[in-house]
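Right, one structure below, let's go through it.
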Amino acid sequence: MFKLYYASTSPYVRKVMVVAHCLGLDGQIERLDSTAHPVNRDERIAVFNPLAKVPALQTADGLSLYDSRVICEYLNDHAGGTLFPQHGQRRWVSLTRHALGDGLLDATLLARYETIARPPDKQWDRWLDGQLTKVRAVLADVETHAAQFSRTPDDIGLITLGCGLGYLDFRFPHLDWRAAHPATADWFAAFDQHPAMRATRPFE
């Protein structure tokens with residue numbers, strides 16, 4: 001049995017749980033409550049991760065793993081999965097998409113923290129605009145490739161991008177990202193209906 005410090009709203013946790021669902025491991029993960037925050041440290045999480053960030057996983061033999069990239073690769077290896085291609089161009093394309101998706105998650109989370117974790121008189125509009133510029137750049141890049149994407153979560157890069165788009169829907173609906181990205185919207189409409197995506201949608 002695995003133990004996972006968990007937050008239903010975290011896109012990084014969602015990535016781990018999508019991977020777990022795809023690999024048939026979701027029933028083997030005990031979800032531990034947490035209140036991860038960039039300022040108010042949750043010492044419970046620090047038992048597994050000294051950074052006190054989620055996701056943080058402990059294996060059955062007591063090994064602590066973090067962050068989402070490491071946990072996802074561990075679960076894939078543990079289950080003998082194929083979400084991380086091992087050889088050739090497919091591997092490098094997948095890992096680059098994974099990095100792009102993580103960049104999307106990073107930018108959206110930093111934009112959210114700027115508005116909810118920082119006092120109003122300390123917020124910096126240029127910082128927020130800079131993060132949203134990264135979001136728009138990711139969307140523009142994805143739009144050029146989305147028509148060729150698999151419509152099932154069979155690759156870690158696509159899983160991460162899908163979690164990023166889901167987080168935009170959850171936290172930034174006012175951006176209306178679909179309007180200017182029809183190919184991405186068409187891909188995500190199918191991808192987001194997969195059982196692993198439906199079962200892990202964020203909630204509060």
Would you mind pulling out the separation of the Cα centroids of region 5-76 and region 91-151, in Å?
21
Could you work out [θ]222 nm for the chain from helices alone, using -39500 (n - 2.57) per DSSP H run of at least four and dividing by all its residues? Round to the nearest 500 deg cm²/dmol.
-16500 deg cm²/dmol
Restrict the search to region 168-204; then list the trypsin sites (Lys or Arg not before Pro) that DSSP places in a loop and that have at most 14 other Cβ atoms within 10 Å of their Cβ.
none
Of the DSSP beta bridges with both residues in the chain, give the percent that are antiparallel, rounding to the nearest 5.
50
Carbon/sulfur accessible area of the chain, % of total, 1.4 Å probe, equals 53
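With every protein chain left in place, what is the accessible area per residue of the chain in square angstrom, probe 1.4 Å?
Details: 10410 Å² over 204 residues.
It amounts to 51 Å² per residue over the chain.
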Could you name the lysines in cross-link range of residue 15, using Cα to Cα under 26 Å and dropping any fewer than eight places away on the same chain?
3, 53, 134
Gain upon complete extension [residue 151, residue 96; 0.36 nm per residue less C-alpha separation]:
18.0 nm
Just by accessible area at a 1.4 angstrom probe, what is the order of 114, 43 from largest to smallest?
43, 114
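Using only the Cα atoms, what convex hull volume per residue in Å³ does region 1-115 have?
Taking the convex hull of the Cα positions in region 1-115, it is 99 Å³ per residue.
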Extending each Cα 7 Å along its Cβ direction at residue 201 and residue 140, get the distance between those two points in nm, one decimal.
3.1
If you bin every alpha carbon distance in the chain into 5 Å steps from zero, what whole percent lands in each bin?
1, 7, 15, 20, 20, 16, 12, 6, 2, 0, 0
Evaluate the charge dipole of the chain about its Cα centre and quote only its size in Debye, nearest 20, assuming +1 on the Cβ of each Lys and Arg and -1 on the Cβ of each Asp and Glu.
100
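Using the crude model of +1 on Lys and Arg Cβ and -1 on Asp and Glu Cβ, and no other charge, please compute the dipole size for region 52-166 relative to its Cα centre, in debye to 20.
Value, rounded to 20: 160 debye.
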Have a look at 138, 19, 93 and tell me which one the Gaussian network model of the chain (Cα, springs below 10 Å) gives the largest fluctuation.
93
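The values are calculated or read from the model by the stated rules, or taken from the named source; none is laboratory data. What you see is a predicted model; the values in this text were computed from it and never measured. Please note: Cβ atoms are built from the backbone with ideal geometry, for glycine as well, and neighbour counts cover all protein chains shown. Accessible surface is based on the protein model in full, side chains and every heavy atom, while ligands, DNA and RNA are left aside. Shrake-Rupley method; radii C 1.70, N 1.55, O 1.52, S 1.80 Å.
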